[in-house]
Structure formats: C-alpha cells, structure tokens
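Asks: The following block contains the structure, expressed as structure tokens.
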Amino acid sequence: MSIGAKIRQLKSLLPEEVRLVAVSKLHPPEAVMEAYEAGQRIFGESRAQELAAKHNLLPKDIEWHFIGPLQRNKIKDIAPFVHTIHSIDSPALLQEVNRQAAKHDRVIRVLLEIHIAMEENKHGFTPQSCRAFLSGEEAADYRNTRICGLMGMATFTDDKEQIRKEFHQLHDFFEELKSARFKGDEDFRELSMGMTNDYPIAIDEGSTLVRLGSYIFNHYKCNQT
Ligand SMILES: *Cc1c(COP(=O)(O)O)cnc(C)c1O
C-alpha cells in the first residue's frame with residue numbers, strides 16, 4: 001500500500017477523538033510530501049537537526065512534533081517553529097525549552113513524559129517525581145511553555161496484557177492530574193501513547209495522539225522500485 005493509501009486508511013480507522021502523528025524520522029522529505037498530499041499535517045521527528053532540515057524544506061502549514069530524547073543544547077534549533085514537544089522528561093529540560101521559546105516570543109506546547117515501561121533505559125518522570133515537580137512554583141511560572149498533557153511508551157513486548165496495564169496506569173495518572181492540578185485547564189487534554197505495534201491497545205485505554213512511523217512509511221523504499 002502507498003503512503004497516501006495508508007494515511008487515508010488510518011483516517012477512516014482512527015476514532016474521531018484520536019489524532020495521528022505521522023512519525024517521519026529517518027524517512028526523506030519526499031515521503032513526508034506523499035503523506036502531506038494525502039491530507040496529513042502533523043508529523044513527528046526525534047532528532048533536532050533532522051527536524052530543522054525538514055522544516056526548512058517542507059510546507060509551512062505542517063505541525064511539527066518533537067517526540068524523542070531532547071538534548072538541552074539542541075532546543076535552540078527547533079524552538080523557532082516546533083509546535084509540540086512530547087518528551088519533556090525533567091524539570092531542567094522544561095526550563096530550557098521555556099527560555100528558548102521566550103527568545104522567539106512563542107509559546108511551545110509540551111507533554112510530560114512519564115516512565116511506565118519495565119525497561120530501565122526509557123526516559124521520563126515517575127508519577128511521584130511528576131507530582132512533586134507540578135506542586136512546586138517553578139512549573140506554574142513559565143510563560144512560554146504550556147503543559148498540554150502526558151506521553152508514555154509501553155514496554156517493548158508481545159505481552160498485550162502488560163502493555164494494557166502500562167497504558168491504563170498512564171491514563172489513570174492523566175485523569176488524576178486533570179481533576180486536580182489541571183482542573184479547569186482546557187489545554188491539559190492530550191495523552192500521547194501508542195506506536196505501530198501497540199496503538200489499538202493505546203486507543204482502548206484513552207490515547208488522544210498516536211505516533212505511527214513504520215505503519216505508514218516502512219515500505220517507502222520498496223514502492224520506489
Ligand atoms: C520512532 C518512534 C515512534 C514510531 O514508532 P513506530 O513503531 O515506527 O510506529 C513513536 N514514538 C517515538 C517516541 C519514537 O521514537
């Protein structure tokens with residue numbers, strides 16, 4: 001199936017309240033354009049340099065999301081244009097995003113990444129450290145970032161019950177924050193969870209943003225020959 005056909009299929013498949021982030025990392029601008037021409041406007045990248053290069057080349061109405069581990073010294077490369085950063089995994093990172101966004105007089109939307117997987121090498125706040133951070137004054141003071149929700153990655157496993165349990169916990173934590181710290185805050189509404197191998201479970205468990213890469217782009221090279 002072509003990239004365009006995949007996008008159209010997903011549009012009809014995904015529930016209305018779930019939006020698609022097409023993860024184009026490692027795929028060329030032409031592949032992004034194929035998805036764009038099929039109507040896709042939200043794209044996700046996980047390297048600052050690659051994201052900046054694609055932003056330069058591609059249509060300006062694309063909404064760029066940064067989804068990977070972000071080094072503090074790379075924020076300046078994406079701060080002028082990035083729409084949402086999904087991967088805020090420490091107070092220091094949020095502080096620096098806020099500082100760089102201020103330089104451009106922008107408000108960058110961010111999601112706090114929560115560590116839900118069993119793997120140690122995944123990033124993110126624990127629910128405890130996240131609560132502690134949010135109850136401090138620091139987070140409330142930032143004028144150039146807006147906390148719009150949470151992001152999480154499940155353990156990479158075939159054990160569907162394990163994945164469901166992790167997404168379920170993340171959703172519970174999201175609801176907890178929504179009814180307490182973010183009560184009445186309409187911006188706090190995104191739950192970014194679900195990738196190619198686990199997105200149906202993530203949708204069942206309340207995802208609002210699914211991040212699909214291989215599902216859309218994997219056969220790109222084969223289609224060219
Ligand atoms: C690469 C990546 C994705 C997309 O993964 P697929 O399995 O290709 O759908 C989603 N989220 C993050 C954080 C990623 O780095």
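The values are calculated or read from the model by the stated rules, or taken from the named source; none is laboratory data. A quick note: this is a predicted structure, and the numbers were derived from the prediction, not measured. As a convention, Cβ positions derive from the backbone with ideal geometry for all residues, glycine included, and neighbour counts pool all protein chains shown. To get the accessible areas, we keep the full protein, side chains included, count just its heavy atoms, and leave off ligands, DNA and RNA. Shrake-Rupley method; radii C 1.70, N 1.55, O 1.52, S 1.80 Å.
Asks: Do the conditions hold for residue 214, that is, is it among the small types (Gly, Ala, Ser), within 10 Å of the ligand (Cβ to nearest atom) and either surrounded by fewer than 23 Cβ atoms within 10 Å (Cβ to Cβ) or within 22 Å of residue 31 (Cβ to Cβ) (or both)?
Replies: yes
Asks: Surrounded by 20 or more Cβ atoms within 10 Å (Cβ to Cβ), within 25 Å of residue 20 (Cβ to Cβ) and among the polar types (S, T, N, Q), is that true of residue 155?
Replies: no
Asks: Here's a check for you: in region 131-170, which residue that is within 16 Å of the ligand (Cβ to nearest atom) and not hydrophobic (A, V, I, L, M, F, W, C) is nearest to residue 184 (Cα to Cα)?
Replies: Once the filter is applied, the top-ranked residue is 149.
Asks: Looking at 81, 43, which is the one that is open to solvent by less than 40 Å² (accessible area, probe 1.4 Å), in contact with a strand residue (DSSP E or B) (Cβ under 8 Å, 6 or more places away or on another chain), among the aromatic types (Phe, Trp, Tyr) and within 15 Å of the ligand (Cβ to nearest atom)?
Replies: The match here is 43.
Asks: Enumerate the helices (runs of 4 or more DSSP H) found wholly within region 142-225, keeping only those where 1 or more residues are under 15 Å from the mean Cα position of the chain (by Cα).
Replies: The qualifying helices (runs of 4 or more DSSP H) are 160-179, 199-204.
Asks: All but one of (1) open to solvent by 50 Å² or more (accessible area, probe 1.4 Å); (2) free of Cβ contacts under 8 Å to residues at least 60 places away in the same chain; (3) not in a helix (DSSP H, G or I); (4) not acidic (Asp, Glu) hold for residue 116; state the number of the condition that does not hold.
Replies: (1)
Asks: Give me the residue from region 53-76 that is assigned to a helix (DSSP H, G or I) and over 18 Å from the mean Cα position of the chain (by Cα) and, out of that set, farthest from residue 99 (Cα to Cα).
Replies: Result: 57.
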